[in-house]
Amino acid sequence: MALKQILNGLFGKQTSNARQARDVIPQPHHFNPVFAFVDVSERSSTPPLGWIGGESHHPELLNLPDRQDPTRFQLCEIDCAQLPADAWGGLGPREGKLVVHLSVGEVLQAQAHLIQANTAIAPVPASVPKDFSCYYYEQSKLPDFALEMPAWPIRLAEAPTSGKVSDLRNPQPVGDPFADLPLSDPLVRPTSLRQLRLLVEVAHTALSSRHEKVLVSLKNFGSEDGGNPELCDVLESQIAGFDKMIIDLTNRYRDQLFTVQNWLDEYDRIKDLIALQLEESLARGEPFARALDESAVQGIARSASTYPISSSDKKAAADLGASTTALSKQISEQFVDLPITVTRDINYAGYRKLRAESPGEWQEIAQKIRKIRAEHVRLCFVCFEESAARMKQSGQDDDASSIYFKVGMGTPPNSLDEAIDGLQKNRERAERLLADLTDTDKLEAERARLTSWVEKRSSGLEVLNRMKEQLASTPEEGLKIGDWEHVSELLQAMIDQNLVSRSDFEHYRTLRSLVLQRDYAENAGAMRADVKKELKKLWRSQARSAPIQFGGMPEGQCIEFAANMPRSVMLIEVSTNYLTGHMFGDVGSVVISTDSERLARGDFSDLKLDVSN
């Protein structure tokens, strides 16, 4: 009865095929699940049950294409001879090695091959495709030599009395023991050539990035020689416009209730102030893509189509969306050589150079942007008006928070104080920008500061470049790690001098953990004892949070498994594991199943796959 209840809960809300699972009669292969864990102890003389990760030593036996195929990766190797007799209900092979691969294409597929080979030999290190990697965000920062992770041995574990895999998981994960230590700490210093190369690569990448940003800032700064009179004029117009509106609103509504409708009645002045903010962007030399702000424009174009506004305004919204898409495409194709970015490291000088050298081309695009942004603001106010009218008809409070559209100065304010405060903040911002453009002493101080950073970071890059060259030509056996202890102190000094930031090395700690896995797998005895002790605590915790299961029932809902009940046999369920680097779905698990009749004759040609969260 217990298993029947599990089936009912597991498959009761799946497809019509899956619903049939609630009425199936449990089969032997649905009982007696076999559990295993990754073993983080130093290499044992006892052969493991198998390996997770890596790549087989015997690709020729697997009849697979090139071992470096990026669309395929090896999930595990299992020694069938070590499986208990009742695993998979007694079905399947009990000799040979079962090698399971996942193919990443339009559809995720599983493949398995039974070969005769020595399971005690660890597979060679291999990388995990980024779509199935716990370290997706770090992969782009990893140098090639650090991408490949070692295979880990897996060993049988005693099944919990409940038979539930969830009861095997470690309820108390261990955090990174090195997270808060400085680079100069002995526990963090590199102890192998691979770790040392990683540290220098990360430092070089971080310093290069920050150096480029300062160079862009200095280039933009240099292009301001003689000032930017157009930008100054725009900012002065903004300040005058904000001042006049603040005075007018204060005088007009000082002694009476200020409503959302009062704000909407100021449409003409508000749209002119928003237009000046756009002119500020264009005069500054911001990318056309940023001035266009496609996401905001398309947002109102889509939302306006659902509002009870006039048919002409609905058509205008549709036309706005189409023209915005067309202009965005034109910008991306016509100005491919200029960076289209929304970061602070914009190539303002490049856009101003374009304007100076091709004024007709620049003005054509700028005029299209002006037209689109003006229509964007108009449609926002049309929808604001509709919202205000509906609130009034329904007797609701005049609450601007229910109007979620935003334009250059935010949503309509709820009170006069809120309106004045918003206008004042926009005025102060324009005043600060104008002061920065016209304060000669401040400009010269900033130029000197940027020049100093360029010189310091250039010197740092020269040092790191020499290190990279030396390490690239140094064989592992020729490395004397004691000769390189100064590297950690040097990089810590760069952090202290703000040439780089401590945050630049946050991901180094994660990447170092991956590299340490390779060092541990290849020669655990050569690692520092105190480092190894802390790492094994972390790795053991990660391993215990990701049990592996053979046979029995999957932990979550699995459509493919349910569709073939009661003949479905779960070959293996592998959970997301931060130790091996595998991630499935939203930190779920991958379930690979087959038909009981096929398994009985050793046929693995038609495997089913579910990703269960």
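Return the only residue of Leu443, Leu450 being open to solvent by less than 60 Å² (accessible area, probe 1.4 Å), under 30 Å from Pro229 (Cβ atoms) and over 35 Å from the mean Cα position of the chain (by Cα).
Numbers: Leu450 fails: over 35 Å from the mean Cα position of the chain (by Cα).
Just one listed residue meets the conditions, Leu443.
Take the stretch 540-552 and flag every residue that is surrounded by 24 or more Cβ atoms within 10 Å (Cβ to Cβ) and either assigned to a loop (DSSP other than H, G, I, E, B) or among the aromatic types (Phe, Trp, Tyr) (or both).
Scanning the stretch 540-552 gives Pro547, Gly551, Gly552.
Just one of Asp180, Asp255, Asp185, Asp243 is open to solvent by 20 Å² or more (accessible area, probe 1.4 Å) and assigned to a helix (DSSP H, G or I); which is it?
Numbers: Asp180 fails: assigned to a helix (DSSP H, G or I); Asp255 fails: assigned to a helix (DSSP H, G or I); Asp185 fails: assigned to a helix (DSSP H, G or I).
Exactly one residue qualifies, and that residue is Asp243.
Listed residues Glu489, Glu476, Glu462, Glu485; which is free of Cβ contacts under 8 Å to residues at least 12 places away in the same chain and either of a type outside the set (A, V, I, L, M, F, W, C) or within 24 Å of Ala126 (Cα to Cα) (or both)?
Of Glu489, Glu476, Glu462, Glu485, the one residue that is free of Cβ contacts under 8 Å to residues at least 12 places away in the same chain and either of a type outside the set (A, V, I, L, M, F, W, C) or within 24 Å of Ala126 (Cα to Cα) (or both) is Glu462.
Each row is one residue, and each column tells you yes or no for (1) in contact with a Leu (Cβ under 8 Å, 6 or more places away or on another chain); (2) at pLDDT below 90; (3) open to solvent by less than 50 Å² (accessible area, probe 1.4 Å).
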| position | (1), (2), (3) |
| --- | --- |
| Gly321 | no, no, yes |
| Leu327 | yes, no, yes |
| Glu333 | no, yes, no |
| Arg344 | no, yes, no |
| Lys368 | yes, no, no |
| Gln393 | no, yes, no |
| Ser402 | no, yes, no |
| Lys406 | no, yes, no |
| Met409 | yes, yes, yes |
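Return yes when Ser295 is open to solvent by 20 Å² or more (accessible area, probe 1.4 Å) and either under 20 Å from Ile331 (Cβ atoms) or of a type in the set (Lys, Arg) (or both) and no when it is not.
For Ser295, the condition - open to solvent by 20 Å² or more (accessible area, probe 1.4 Å) and either under 20 Å from Ile331 (Cβ atoms) or of a type in the set (Lys, Arg) (or both) - is met.
What number goes with the only condition from (1) modelled with pLDDT of 65 or more; (2) open to solvent by less than 70 Å² (accessible area, probe 1.4 Å); (3) more than 34 Å from the chain's Cα centre (by Cα) that Ala36 does not pass?
The failed condition is (3).
Tell me, yes or no, whether the stretch 277-291 has at least one residue that is within 14 Å of Ala374 (Cβ to Cβ), free of Cβ contacts under 8 Å to residues at least 60 places away in the same chain and over 32 Å from the mean Cα position of the chain (by Cα).
yes
Restricting attention to helices (runs of 4 or more DSSP H) lying wholly within the stretch 416-531, give those where 2 or more residues are among the charged types (D, E, K, R) and at pLDDT 90 or above.
Ranges flagged: 416-438, 440-472.
Does the stretch 484-502 contain any residue that is among the hydroxyl-bearing types (Ser, Thr, Tyr) and farther than 21 Å from Ser459 by Cα?
Scanning the stretch 484-502 turns up no residue that is among the hydroxyl-bearing types (Ser, Thr, Tyr) and farther than 21 Å from Ser459 by Cα.
Assuming Ile274 fulfils every condition listed in (1) over 16 Å from Ile369 (Cα atoms); (2) in contact with a strand residue (DSSP E or B) (Cβ under 7 Å, 6 or more places away or on another chain) apart from one, which condition is it?
Condition not satisfied by Ile274: (1).
Provide a single number: the residues in the stretch 584-606 that are buried (at least 16 other Cβ atoms within 10 Å of the Cβ), within 34 Å of the chain's Cα centre (by Cα) and in a loop (DSSP other than H, G, I, E, B).
Matching residues across the stretch 584-606 total 2.
Which condition number does Cys232 fail, the rest of (1) within 30 Å of Glu489 (Cβ to Cβ); (2) modelled with pLDDT of 85 or more being met?
(1) is the only condition that Cys232 fails.
The values are calculated or read from the model by the stated rules, or taken from the named source; none is laboratory data. This is a predicted model, so every value here is computed, not measured. Because the Cβ atoms are built from the backbone with ideal geometry, glycine has one as well, and the counts that use them run over all protein chains shown. We work out accessible area using only protein heavy atoms, side chains counted, and drop any ligands, DNA or RNA first. Shrake-Rupley method; radii C 1.70, N 1.55, O 1.52, S 1.80 Å.
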